[in-house]
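Input: a single structure, listed below in structure tokens.
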Amino acid sequence: MPELKPLHADHAPAVLAFELANRAFFAASISDRGDDFFDRFTDRYNASLAEQEAGTCAFYVLVTDDGSVLGRFNLYAIEDGTAELGYRVAQHVSGHGVATGTVRELCRLAASRHGLRTLQAATADRNAASRRVLAKAGFVEVGPADPAHLGGKPGSWYRRDLACEP
């Protein structure tokens with residue numbers, strides 16, 4: 001059974017394998033990370049761990065029993081009880097409720113473990129799957145997102161109040 005775990009240094013090889021295996025799939029709906037991301041993966045990964053240690057971000061991976069990564073679920077810009085949510089799941093589990101279930105779980109953790117009251121997420125208009133995930137996970141659309149935030153694509157911000165989370 002897959003488990004949502006805080007990002008750890010030991011996850012690096014599996015995260016890189018996940019990103020490489022799903023690169024074309026992700027690029028079809030969100031901006032490609034670019035070759036530089038992969039060329040400097042170790043530096044970027046270590047920087048993410050440092051941000052997590054500093055408490056400004058919380059990064060999670062959905063891991064299978066064999067240690068492979070099915071998805072990444074992240075809380076960015078944690079400040080004053082609010083954070084921005086970002087996520088991506090592997091192509092072979094896309095459309096099977098994995099993202100929705102894990103986003104719901106992360107909402108609970110955001111409230112209980114990180115003391116957050118509100119999450120927000122931006123998604124491109126053309127990313128229908130992400131819009132469905134957010135709606136099913138209790139997010140509501142609150143307005144347009146700056147296209148620069150979405151790799152030049154038009155989109156919207158979504159918000160979820162976590163006040164009722166256990």
Within the range 15-43, the residues that are among the charged types (D, E, K, R) and within 29 Å of residue 128 (Cα to Cα) are 19, 23, 32, 33, 35, 36
Requested in this report: Could you check, for the range 50-69, whether at least one of its residues is in a helix (DSSP H, G or I) and among the charged types (D, E, K, R)?
Outcome: yes
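Among the residues of the range 108-139, what is the count of those that are in a strand (DSSP E or B), closer than 15 Å to residue 156 by Cβ and either hydrophobic (A, V, I, L, M, F, W, C) or over 13 Å from the mean Cα position of the chain (by Cα) (or both)? It would help to see each step written out before you state the result.
If we filter the range 108-139 for residues that are in a strand (DSSP E or B), which is where we start, we get 118-124.
With closer than 15 Å to residue 156 by Cβ added as a condition, the list becomes 119-124.
Subset that is either hydrophobic (A, V, I, L, M, F, W, C) or over 13 Å from the mean Cα position of the chain (by Cα) (or both): 119, 121-122, 124.
Final tally of qualifying residues: 4.
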Residue hits (the range 109-166; β-branched (Val, Ile, Thr), out of contact with any Leu (no Cβ under 7 Å at 6 or more places or on another chain) and buried (at least 19 other Cβ atoms within 10 Å of the Cβ)) are 133
Of the residues in the range 75-90, those that are without any contact (Cβ under 8 Å) to a residue 40 or more places away in the chain and either of a type in the set (Phe, Trp, Tyr) or closer than 18 Å to residue 25 by Cβ (or both) come to 76, 86, 89
Scanning the range 22-42 residue by residue, those within 21 Å of residue 100 (Cα to Cα) and either at pLDDT 95 or above or of a type outside the set (Ser, Thr, Tyr) (or both) turn out to be 22, 23, 25, 26, 27, 28, 30
Scanning the range 73-99 residue by residue, those assigned to a helix (DSSP H, G or I) and surrounded by 17 or more Cβ atoms within 10 Å (Cβ to Cβ) turn out to be 98, 99
Out of (1) within 20 Å of residue 3 (Cα to Cα); (2) of a type in the set (A, V, I, L, M); (3) touching a residue at least 24 places away in the same chain (Cβ under 8 Å), the one residue 93 does not meet is (3)
From the option list 145, 129, 122, single residue qualifying as more than 27 Å from residue 21 (Cβ to Cβ) and either in contact with a Cys (Cβ under 8 Å, 6 or more places away or on another chain) or not aromatic (Phe, Trp, Tyr) (or both) is 145
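The values are calculated or read from the model by the stated rules, or taken from the named source; none is laboratory data. Here the structure is a predicted model, which means the values were calculated and not measured. Heads up, the Cβs are rebuilt from the backbone with ideal geometry, glycines too, and the neighbour counts pull from every protein chain shown.
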